[in-house]
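Novice: What follows is a structure written as structure tokens; I'll ask about it next.
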Amino acid sequence: MKKNLSLLIAFFFIIACKQPQKIDLLVVNAKVYTVNDSQKEATAFAVNNGKFIAVGNTNTLTNQYSATTVINANKKPIFPGLIDAHCHFLGMGLVAQKIRLEETKSYDEVLEKLVAFQKEKQLPFITGRGWDQNDWEIKEYPTKDKLDLLFPDTPVVIRRVDGHALLANQAAISLAGITINTKAIGGEILKKDGKLTGVFIDKPMELIMSIIPAPSIEETTKALQTAENICFSLGLTTVNEAGLEKHEIELIDSLQKIKQLSMKIYAMASANKENLDYYLNKGIVKTDRLNVCSFKYYGDGSLGSRGAAMKAPYSDKGHHHGALIYSVKNLTETAKRIADSDFQMNTHAIGDSTNYIVLKTYKEALKNKKNRRWKIEHAQIIDPQDFHYFENIIPSVQPTHATSDMYWAKDRVGEHRIKSGYAYKDLLNAYGKIALGTDFPVEKVNPMLTFYAAVARKDLNGFPENGFQTENALTREETLKGMTIWAAYSNFEEEEKGSIEVGKSADFIILDRDIMAINIDDIPNTQVEKTFSNGALVYQKQNTDE
Ligand SMILES: [Zn+2]
């Protein structure tokens, strides 16, 4: 006992006499939500060489460390840097340089915007995205007639908001060599009165998309940097990019290496033959900021364009089931190839039929394989009897899809099937974790809208007053985990990010209000004051008093 006591005294003596350790950054007086279950809250943390080295209380850490930079957070809430578990980062950057047609209220408004846009840009080929006939008074697909009158010679290709349908004018159609006799496989080419309407749905879109001139390296670089600025300003420090080509991944890697890009990117390689051959041979690519350990496969289309494959026909289109994009054989073979490697397979699945087929295929391919963390992207409409298949498969969902689609999704699938649609709580219960994202630019980038949609199940109009199918709302704690540690887990990155914890990368954000405590309807107003990646300040709100 005596010996123990003297040891204890010696220990305190050492602590008391120790010179404060010199470090890079000390954050004090904060309300830190660590998202670490063994130490949920703290008021301070220390950062050195880009990593958290201590998490605790302000007094202790102030005595222990002498930092080059000290931030007094003035009781503001601090969270781990947010992760978007499914988005199109490069696509968003490119879209930012194209015509945006979101929130147009009619086809005429789309045409007006196109004319104004072209007057300014004088492009040889006009492309854009964002229209949604469900937002229009006449909720029908447009036809290209007026577009042909306005743009007789300049090709125009504008994609629907979900990217699963497009409208092309005759100049583009002619350039692609498409005629009334062209066969539509894996989707539809719409016709009316024996003529093409210009609308292409799902796979046949490729016939048109393939003639769009590819952006140059300079344009792609600018797009990535634009996307990065937008994401940092909204508190995202990692993005899961849902489908890239090899040359795009390599450009990202090279820009990160020369410090022209600092966003951390979990890049899913599109599961085409070229990428499969290349990456399965090369193996997982992992750097400080890039993680290529997965393939993105497309199961079906979207619910909005009725491309999603349903077990029973659509409720608002008789005999129409939607379709798988590729054959079951292709799916099975691809799954088997990936299962034989260390890579993950992340499959876009919206309809209940697609979800069932993909889940069954995964199960077969992963027989006797452990901890592979394969994902279903969207997991939108699930047959109630199929939820149990998620026992071993991670659901990666986008809560703002629920609040965007709720206006018309019931028309598509009916009263009964909608009940197990956008069923995030059921999915969470099935797997035990859920990864949250946005699918931007399909939805807005702002993760606070994801948070709001997940917990309140309401859109920015506060609609519906009592929330949409709130039995599937997530708690704030679950939502926060879905945007941080569970998303990191879904990427095999939970050892390096997703919580404010000693040894992890110092990715964190300071918010202007406490999303864990404020009135639920105040959540969408939340702004990011500062964003840090690897301990470095990458965004600061203007007029932040410091
Ligand atoms: Zn997507």
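Bear in mind that the values in this text are calculations on the coordinates, not laboratory data. The shown structure was predicted, so the numbers you read here are calculated from the model rather than taken from an experiment. Ideal geometry is used to build each Cβ from the backbone, glycine not excepted, and the neighbour counts take in all protein chains shown.
Novice: Which of the lysines could be linked to Lys458 by a straight reach, that is with a Cα gap under 24 Å, when you skip same-chain ones fewer than 8 residues away?
Specialist: Lys105, Lys139, Lys410, Lys419, Lys425, Lys433, Lys444, Lys481
Novice: Which of Leu167, Gln225, Ser254 sits closest to the plus end of the dipole of region 133-286, meaning its Cα is farthest towards the positive end, when Lys and Arg get +1 and Asp and Glu get -1 on the C-beta?
Specialist: Checked the options; the winner is Ser254.
Novice: Read phi for every residue in region 525-534 and hand back ³J(HN,Hα) as whole Hz from Karplus 6.51 cos²θ - 1.76 cosθ + 1.60, θ = phi - 60°, with x for Gly and Pro.
Specialist: 7, 4, 10, 8, 8, 8, 10, 10, 10, 6
Novice: Can you list the lysines whose alpha carbon sits under 19 Å from that of Lys273, skipping same-chain ones fewer than 8 residues off?
Specialist: Lys203, Lys246, Lys282, Lys296, Lys329, Lys336
Novice: What list do you get for Ile180, Ile212 if you sort them by fewest beta carbons within 10 Å? Spell out each step's value before the answer.
Specialist: On the way: Ile180 9, Ile212 16.
With the sparsest Cβ surroundings first, the list reads Ile180, Ile212.
Novice: Short version: ³J(HN,Hα) in whole Hz for each residue of region 299-305, in order, from phi by Karplus 6.51 cos²θ - 1.76 cosθ + 1.60 (θ = phi - 60°), x for Gly and Pro, what are they?
Specialist: Each residue's phi maps through the Karplus curve to give x, 8, x, 10, 6, x, 8 Hz.
Novice: Mind checking the dipole of the chain: about its Cα centre, +1 per Lys or Arg Cβ, -1 per Asp or Glu Cβ, Debye to the nearest 20?
Specialist: 1380 debye
Novice: So, one more: In deg cm²/dmol, rounded to 500, what helix-only [θ] at 222 nm does the chain give when every DSSP H run of at least 4 residues adds -39500 (n - 2.57) and the total is split over its residues?
Specialist: Working: 18 runs with 174 residues, N = 546.
That calculation yields -9000 deg cm²/dmol at 222 nm.
Novice: Excluding residues on the same chain fewer than 8 positions from Lys119, give the lysines whose Cα lies under 16 Å from its Cα.
Specialist: Cα-Cα hits under 16 Å: Lys98.
Novice: On the first, second and third principal axes, largest extent first, how far apart are the outermost C-alpha atoms of region 283-405 in Å?
Specialist: Principal-axis extents of the Cα atoms in region 283-405, largest first: 47, 30, 25 Å.
Novice: Residues with amide H under 5 Å of Lys264's amide H, sequence separation 5 or more or different chain, H placed in the peptide plane at 1.01 Å from N; which?
Specialist: Here Val239 satisfy the definition.
Novice: Using a simple charge model, +1 on the beta-carbon of Lys and Arg, -1 on the beta-carbon of Asp and Glu, nothing else, what dipole does region 249-299 show about its Cα centre, in debye to the nearest 20?
Specialist: Details: 8 positive and 5 negative charges, 37 e Å.
Value, rounded to 20: 180 debye.
Novice: Where the convex hull is taken over the Cα atoms of the chain, what is its projected area averaged over directions, in nm²?
Specialist: Numbers: hull surface 115.9 nm².
Taking the Cα atoms of the chain, their convex hull projects to 29.0 nm² on average.
Novice: Separate question: Using Cβ counts within 10 Å as a stand-in for footprinting exposure, how do Ser499, Ser327 rank, fewest first?
Specialist: Taking fewest neighbouring Cβ atoms as first place, the list is Ser327, Ser499.
Novice: If you place +1 on the Cβ of every Lys and Arg and -1 on the Cβ of every Asp and Glu, how big does the dipole about the Cα centre of region 311-386 come out, in debye to the nearest 20?
Specialist: On the way: 13 positive and 9 negative charges, 74 e Å.
Roughly 360 debye, rounded to the nearest 20.
Novice: Can you bin region 139-208 into rounded, prolate or oblate? Criterion: square roots of the alpha carbon gyration tensor eigenvalues sorted a ≥ b ≥ c, rounded for a/c under 1.5, prolate for a/b above b/c, oblate for the rest. Numbers along the way, then the final one.
Specialist: Numbers: a/c = 1.35, a/b = 1.20, b/c = 1.13.
Cα axes put region 139-208 in the rounded bin.
Novice: What list do you get for Met209, Met310, Met406 if you sort them by fewest beta carbons within 10 Å? Present the calculation step by step, with values, prior to reporting the outcome.
Specialist: Working: Met209 16, Met310 24, Met406 21.
Ranking Met209, Met310, Met406 by Cβ neighbours within 10 Å, fewest first, gives Met209, Met406, Met310.
Novice: Using θ = phi - 60° and the Karplus curve 6.51 cos²θ - 1.76 cosθ + 1.60, what whole-Hz ³J(HN,Hα) does each residue of region 95-108 get, with Gly and Pro shown as x?
Specialist: 4, 4, 10, 10, 5, 9, 10, 4, 6, 6, 9, 7, 5, 4
Novice: May I ask for the percentage of alpha-carbon pairs in region 173-219 that lie more than 12 Å from each other? Please report the intermediate quantities before stating the final value.
Specialist: On the way: 690 of 1081 pairs.
In whole percent, the share of Cα-Cα pairs in region 173-219 beyond 12 Å is 64.
Novice: Sticking with this structure for a sec: Picking from Asn461, Phe45, Pro124, whose Cα lies most toward the positive end of the charge dipole for the chain (charges on Cβ: Lys, Arg +1; Asp, Glu -1)?
Specialist: Result: Phe45.
Novice: Sticking with this one: Counting Lys +1, Arg +1, Asp -1, Glu -1, what net charge surrounds Lys183 among other residues with beta carbon under 15 Å of its beta carbon?
Specialist: Numbers: positive: Lys191, Lys203; negative: Glu188, Asp202, Glu206.
Result for the local shell: -1.
Novice: What do you get for the angle between helix 328-339 and the principal long axis of the chain? Use alpha-carbon atoms, 0 to 90 degrees, nearest ten.
Specialist: Value to nearest ten degrees: 20.
Novice: Can you say what percent of the DSSP beta bridges in the chain, counting only those with both residues inside, are antiparallel? Round to 5.
Specialist: Numbers: 37 of 82 bridges.
So the antiparallel bridges in the chain amount to around 45 percent.
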